[in-house]
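Note sheet for the following structure.
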Amino acid sequence: MIYCNRFAYKPAIKNLQEFETHEEGKSFENVQVAFIQVEEHDVENAKSTEKKLLNFVKWICRKNELKNVVLHSFAHLSDSKASPEFTKELFDRVETRLKNVEFEVAQTPFGYFLDLQVDAPGESLARVFKSF
């Protein structure tokens, strides 16, 4: 989790052809960005993983007094990966649940390598890691 004064992305390379095509980038101000790695064992514990992720996002947002969230898949950095389909479904469920409690939620384009711009302050809760 990284709190960002500003977070921006631009699609660079599409690496999963079966997902929606995106050509435009976006930028966000004062946003909590969740860099999420969904692993193989998360599939077996899908409901628990979803609940833990949802609770953690809400917790860090309360700490940083935010209601703006970007969900970003970080899957290409690990050897243990859930399927892209499972991961995207999990992201969509978490997005829906956050919106149901009045969060503003966006997702970075799924199945892309992205050019990222991250402007994050050097504060104690600006960068938080949690493994489930």
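Laid out as a table, the results:
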{"read-out": "Formal net charge of residues neighbouring F103 (Cβ-Cβ distance under 10 Å; K, R +1; D, E -1)", "value": "+1"}
{"read-out": "Label-point separation, W59 to F19 (7 Å along Cα→Cβ), nm", "value": "2.6 nm"}
{"read-out": "Cβ-defined net charge surrounding G25, 13 Å radius [Lys, Arg +1; Asp, Glu -1]", "value": "0"}
{"read-out": "Value in Å of the Kirkwood radius, where the range 2-119 supplies the Cα pairs that are averaged", "value": "14.6 Å"}
{"read-out": "Charge tally in the Cβ shell below 13 Å around V94, where Lys, Arg are +1 and Asp, Glu are -1, V94 excluded", "value": "+3"}
{"read-out": "Partner aspartates and glutamates for K10 [C-alpha distance under 13 Å; skip if fewer than 8 residues away on the same chain]", "value": "E23, E24, D115"}
{"read-out": "Distance (nanometres) between label positions extended 7 Å along Cα→Cβ at Q37 and L125", "value": "2.5 nm"}
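No lab work stands behind these numbers, since they all come straight from the coordinates. Quick caveat, the model's predicted, so the values are computed rather than measured. Cβ coordinates were reconstructed from backbone atoms using ideal geometry, including for glycine residues, and neighbour counts include every protein chain displayed.
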